[in-house]
Every structure is written in structure tokens, then in C-alpha cells.
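The values are calculated or read from the model by the stated rules, or taken from the named source; none is laboratory data. Predicted, not measured: the structure shown is a model, and the values here were computed from it. Counting neighbours? That spans all protein chains shown, and the Cβs are built from the backbone with ideal geometry, glycine included. Remember, those area values only see protein heavy atoms, side chains included, never the ligands or the DNA or RNA. Shrake-Rupley method; radii C 1.70, N 1.55, O 1.52, S 1.80 Å.
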Amino acid sequence: MSRIVGIDLGTTNSLCSVFADGKPQLIPNAHGSVMTPSVVGRLEDGQILVGAAAKDLRVTQPERCVSGFKRWMGTDRETRLGDRTFTPPELSSLVLRSLRDDAEAFLSTNISEAVITVPAYFNDAQRRATRLAAELAGLKARRIINEPTAAALTYGFHEPQADKKLIVIDLGGGTFDVTLMEVFEGTLEIISTAGESFLGGEDFTDRLVATVLKTIGEHVETAELKKPLLVARLREQCERAKCAFHDAEEAVVRIPDEQGEINEHARSARVRRSTFEKVVKPLIDRLKAPVGKALRDGDCSPDEVDEVILVGGATRMPLVSSFAREYLKADPLCSFNPDEVVALGAGIQAALIMDDAAVEDMVMTDVCPFTLGIETVKQFGHHMQEGYYVPVIHRNTTIPVSREEVFSTVYANQNSVRINIYQGEARKVKDNLKLGELSVDGIPPGPAGQQVCVRFTYDINGIIEVEAYLPQTGAKFQTVLTQHAADLTEREIADAVRKMQDVKFYPREDVRNQRLILFCEKIVGEISPLHRQQLEEAIDVFEHSMSSGDRERFEQSRIGLLLMLSQLGIEYEETDDEQ
Ligand code: ADP
Ligand code: MG
């Protein structure tokens, strides 16, 4: 099997790793650095520059360069560089190609496959754009994994014996990601994830640029328009100052002239660390919401978190680590380099795909980072209103997962329904992302309210199987959405769909459950009204859990019902041999 490389395709910097000699290793680029700036430039003669060369060009000829395009993945935004325009996947593909060339030179072999990391909150369109970028760079994306998951893999690889709850805080150049997870006996379990796609280290630099411009009586927007060279060069100065605040109380920022030159007569501005901290305070405050959301979704209080893993260059700011320390009351771990931990994890995932012996004991479970659901109609009096969204699989559910919801027809004699499948968190479908549809017909004539059962099954490859079932006729309808999935062949998809069948379970069809319900239904009429109410509640919970597809919920409610029977002093004997 050829080598699969791991790639952290970052907003600001990108890295590439390979699993060799039993561990993940970073691959240096042609300049000897393991970090390649995610910057693309195009010279007048059409020559493309990527990485450090493009970053240097950006200072003197910002109009010839572009960066930050990861934020536009999944959109139609085009960038003009000279006489050509580029789509976000095209720009990303240039970075990927550069990493691939460096890997081929370093490993003296052809590289055609990669594991690529993306922010956990990336939606389907953004992931598809990433896959397209890989294809344009001549790489098959064997797996697209979430960046925090990759960070967790690095942790799990180095600490196989840990038994802890961890939180990964990833503040990169443009994005902020939080993931809560648990590690025990070599198993990594992602519990929940949250993030913000427009909050990162660059915003801190922007605030500093604005502050410095103010000292010379300039406003950012006007300066950007009228003196782009000054602003580009000043940004570079401010970025340096921001990093210096790591251990300095004060930084001197030299102010370039309108041509972007800094000569001996250049003015300068002294900025105290305390001033910087004051102007970026609103940004630090914005870190709270995603951390809170991940904790709430994971049903975890801040003091239950054992360790904090800091990822991303911007977590080097003391303000960020003290935020983590205060809010989570845990000391951030410093044993991993925050720039490298994601790329190393991508290399470990590549080793898992290649069945490398060094990772054979590692097991990982991930979550579905967004909600999957369908469009529904709401009734307001006599008026039907379309366009509402009903979740079927909630975000942060452990995958693989299978869930069923029962829907009803809304009109009398309605013989067909179209199930529109969406991804997202919004209340209305127009604000979510449409993934596909499934037509269901042959619904027998009758009043409104005919049942249509809809089951979603989602697996680790990102394949979504949607099935509809008409209980009245037994007819089944199915569609498999694979756009989100890694580059799999048709056979691999068929295989994955076959494996997904194991995830589904149909407790209603199990005679033992039918028998338990029948028994309880018989008993409710024979007991006191108070006990009857308690028992009926437990039966309702049990019945509802059977159609949820949630095995854990089902098992708990079954135990609850059996316990209720025994508390009421009712003897019920379970038999195991009936299936
Ligand atoms: P991404 O994952 O988005 O590519 P990185 O993890 O490489 O981003 O982080 C890049 C960001 O980290 C930039 O905004 C950079 O200014 C910031 N950064 C790097 N080192 C430091 C430092 N020592 N202090 C403050 N910010 C830093
Ligand atoms: Mg990153």
C-alpha cells in the first residue's frame, strides 16, 4: 500500500505528516520549516507562489496575494489575482499541491492519498469543497477528519493509559473550535463539539492594527482603502508585537510610510501589553459561548474537566491560557506543540487506515457535529405552513448512529410525500443546508395522519442512509447520501452501508418487548390509581424509546420499567429464549 499522508490544511498555516517508525512525523517544506503559510501569490508573468514566498510578496504587493481562503470554502466567492480568478478549492489545492510536492521530495516516493483535517463545524458544502481541493491537487482524500479529533488522537497515542475528561481548545488564525472528550483504556470518545468560524488570532492582530492606526489619527477602513501598503506592512509589525507580548510588557510598532517602507525616520507607537489586553477583551469574552455550549451539550460542568489541550498558534497568548485556567479550573497541558498536534493526529489517522501495528490498540468514537433532519409542515389553525425543520439525529450524537422518527401525512388521501433532507441547526429549512431528497409514494387512501416512519443512519465515513417505511403497506424507500463521505469506491460505499445495518435495531420486533408491553397493559387495570399513573408513565417512556433508535435510551427505559414493576411488588419473569 502506498503511503497516506496526514494534512492539517489551516487558515493560516498548513502542515503535513507521515506515520513512520511507529510514530507520526512532520514533513519539512523546501525551506526546512514544517509550517507552510496558507498564502497564494501570483506574479505578473503568471507564476504561482505558495507559502513563505507568497507571504513575503503579500507585504510589498498585497493585491497579488490571497490568504484566509479557508473561510470561503463552500461558497462561490472568487478571487482575482492578475488576469485570472480562483475559487476557494482552487486556492486550497495550490497549498495542498505544495505540501504534496514537499512530501514526495522528503519521502522520495509518489504520494496520492491523504487524510485531511477540517474544523468540526465545517458543513457538508465546506467538506465537499475540501475534497474537491484534494482532487485538484491530485490527492485522494481517504478520510476528512475533524481537527479536534485529530488533536485527541495525538493525545490518545501518547497517553494510552489515561482515564480522563479532556477539552480541546483550538484557536487558530481565523477559527475557534472546542471539543469535549473522554479517554479511557485506549478508547477516545468525542462527547461534544462547538465552535465559531469567525474568531481567531487574526482578529487579535486586527484590533492591534486599529489601535496603532488610531494613535496616528487614522481609521482602519479608510487607511485600508487609501493606504493598502501601509496597512499590509503595519499588520506584519502588529503580528510580531502580538507574539512578543508573550513575554514582554511593551512592544514598539514601527509605522511604515504610504509605500509600506520603514526607514530610519519612521514613526513608531509604543503599545503596552495592558492596552493590548484591554482592546482584545471582547474577543476573549467571545470564547466563553462555544466552551459553554460544548460543556452543556456534553452534560459536563467545568470542574469535571481534568485537562485542557491547547491547539492553534493563538492559544500561545497568555490571555487565552489564563481564560482556560479560570473558566475550566484546569491547567492547560503544555506537552504538545499547539501548531503541530492536529497534523500529527492526521498522521495517526492515516496509520489507522493503513492498519499499522503501532496503533492497533487505539479505538475512537466520534460525534456527528451537526443536526440532520427533514422538512416538515406546521399547522396553524386551518393553515398549513411549510418550511420547518425537524431533527432526526441531533448534533453531538455518537456515530455510527441510527434514529427513527414517525411523521404523518397532512392531507386526506395524500398518496405521496417528498422527504427533503437537511443539515443544520436552524428552525427553518431555508437556513439549513439541503443534502438530498427521498420520494415516498403508494400511501394508501385515507384521512390525514397516515404514518410514514423515517430512519436516518449515519456512519464514521460520513455516509447518510435515509429510509422511509410505510407501516400500512410495508413498503420501504431508501436513499444513500455520499457527498459528505470520503472518496470511497462504489464497493466501499456498499460495504459501509451493509455495516450500517448493524447499527440499526428494531426493539419493537423483539418478542420480549412485545410481551413486556402486553403484560404491563394487562396489569394497569388491576392496580391502584396512583400506581397505575406511575406505571403508565414508565410504559410511555419505554414505548417511545423503542422507536427512537437510541439503544442506550431504550435499554435505560426498559430497566426503568422493570424496576417500576418490582417496586410496585409485581412479579414479572423475563424469558431469554424468545427472539
Ligand atoms: P490555523 O490553524 O488557522 O492555520 P494556526 O494554528 O497556525 O492557525 O495559528 C495562527 C495564528 O496564531 C495566527 O493568528 C498567529 O498570529 C497566531 N500566533 C502564532 N504564534 C503566536 C504567539 N506566540 N502569540 C500570539 N499569537 C500567535
Ligand atoms: Mg489549525
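Scanning the range 531-549 for residues that are polar (S, T, N, Q) and open to solvent by less than 70 Å² (accessible area, probe 1.4 Å) yields S545, S547, S548. With respect to (1) within 14 Å of ligand 1 (Cβ to nearest atom); (2) closer than 19 Å to T60 by Cα, the lone exception for A241 is condition (2).
Note on the range 27-70: enclosed strands (runs of 3 or more DSSP E) holding 2 or more residues that are over 27 Å from the mean Cα position of the chain (by Cα) and farther than 24 Å from F122 by Cβ are 39-42, 48-50.
Of all residues assigned to the range 13-28, none qualifies as being surrounded by fewer than 23 Cβ atoms within 10 Å (Cβ to Cβ), under 17 Å from E202 (Cβ atoms) and of a type outside the set (G, A, S).
With the requirement that a residue be surrounded by fewer than 18 Cβ atoms within 10 Å (Cβ to Cβ) and either assigned to a strand (DSSP E or B) or hydroxyl-bearing (S, T, Y) (or both), what does the range 398-425 give you? Those that are surrounded by fewer than 18 Cβ atoms within 10 Å (Cβ to Cβ) and either assigned to a strand (DSSP E or B) or hydroxyl-bearing (S, T, Y) (or both): T398, V406, S408, Y411, S416, R418.
Which residue, of R58, R84, is at pLDDT below 95 and either touching a Cys at 6+ places or on another chain (Cβ under 6 Å) or hydroxyl-bearing (S, T, Y) (or both)?
Of R58, R84, the one residue that is at pLDDT below 95 and either touching a Cys at 6+ places or on another chain (Cβ under 6 Å) or hydroxyl-bearing (S, T, Y) (or both) is R58.
Candidates G260, G200: the one that is within 12 Å of ligand 1 (Cβ to nearest atom), in contact with a helix residue (DSSP H, G or I) (Cβ under 9 Å, 6 or more places away or on another chain) and of a type outside the set (K, R) is G200.
The residues listed here are V271, V252, V311, V320; of these, the one that is of a type in the set (V, I, T), within 16 Å of ligand 1 (Cβ to nearest atom) and under 27 Å from K227 (Cβ atoms) is V271. Looking at the structure I just gave you, is L171 within 12 Å of ligand 2 (Cβ to nearest atom) and either out of contact with any Lys or Arg (no Cβ under 9 Å at 6 or more places or on another chain) or of a type in the set (A, V, I, L, M, F, W, C) (or both)? Criteria met by L171.
Tell me yes or no: at least one residue of the range 200-207 is surrounded by 12 or more Cβ atoms within 10 Å (Cβ to Cβ), outside any strand (DSSP E or B) and polar (S, T, N, Q). Yes - at least one qualifying residue is present in the range 200-207. Quick check on the range 212-230: of everything there that is surrounded by fewer than 20 Cβ atoms within 10 Å (Cβ to Cβ) and aliphatic (A, V, I, L, M), which residue is nearest to E258 (Cα to Cα)? Applying the filter and picking the extreme gives L229. Across the range 169-199, the qualifying residues are those that are open to solvent by 40 Å² or more (accessible area, probe 1.4 Å) and of a type in the set (F, W, Y), and the one among them that is nearest to V305 (Cα to Cα) is F184.
One line per residue, one yes/no per condition, for (1) assigned to a strand (DSSP E or B); (2) touching a residue at least 60 places away in the same chain (Cβ under 8 Å); (3) loosely packed, with under 14 Cβ neighbours inside 10 Å:
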{"residue": "D247", "(1), (2), (3)": "no, no, yes"}
{"residue": "A251", "(1), (2), (3)": "yes, no, no"}
{"residue": "G260", "(1), (2), (3)": "no, yes, no"}
{"residue": "H265", "(1), (2), (3)": "no, no, yes"}
{"residue": "I284", "(1), (2), (3)": "no, no, no"}
{"residue": "P290", "(1), (2), (3)": "no, yes, no"}
{"residue": "L295", "(1), (2), (3)": "no, yes, no"}
{"residue": "L310", "(1), (2), (3)": "yes, yes, no"}
{"residue": "A314", "(1), (2), (3)": "no, yes, no"}
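Name the residue that is nearest to the chain's Cα centre (by Cα), counting only residues in the range 152-168 that are farther than 19 Å from F323 by Cβ and either hydrophobic (A, V, I, L, M, F, W, C) or within 14 Å of ligand 2 (Cβ to nearest atom) (or both). This residue is A152.
Report yes if some residue within the range 372-387 is assigned to a loop (DSSP other than H, G, I, E, B), in the same structural domain as Q25 (by TED's automatic domain parsing) and either in contact with an Asp or Glu (Cβ under 6 Å, 6 or more places away or on another chain) or of a type outside the set (A, V, I, L, M) (or both); otherwise report no. No, that holds for no residue. If you check R142 against the conditions, is it away from ligand 2 (no atom under 15 Å from the Cβ) and within 13 Å of the chain's Cα centre (by Cα)? Judged against the criteria, R142 is not a match.
The residue that is farthest from I167 (Cα to Cα), counting only those in the range 264-313 that are of a type in the set (A, V, I, L, M, F, W, C) and in contact with a Ser or Thr (Cβ under 6 Å, 6 or more places away or on another chain), is A269. Restricting to the range 316-353, and then to whatever is acidic (D, E) and more than 15 Å from ligand 2 (Cβ to nearest atom), can you tell me which residue is surrounded by the most Cβ atoms within 10 Å (Cβ to Cβ)? Here the residue is D331. Scanning the range 1-23 for residues that are within 16 Å of ligand 2 (Cβ to nearest atom) and in a strand (DSSP E or B) turns up G6, I7, D8, L9, N13, S14, L15, C16, S17. Being touching a residue at least 12 places away in the same chain (Cβ under 8 Å), within 16 Å of T482 (Cβ to Cβ) and crowded, with 23+ Cβ neighbours inside 10 Å is a property that holds for I144. Evaluate the following for A162: is it within 14 Å of ligand 1 (Cβ to nearest atom) and assigned by TED's automatic domain parsing to the domain that holds S321? When the stated conditions are applied, A162 does not pass them.
Beta carbons closer than 7 Å, at least 6 apart along the sequence or on distinct chains, never pair a first residue in the range 323-343 that is over 16 Å from L180 (Cα atoms) and not assigned by TED's automatic domain parsing to the domain that holds D303 with a second that is more than 15 Å from ligand 1 (Cβ to nearest atom) and open to solvent by less than 20 Å² (accessible area, probe 1.4 Å).
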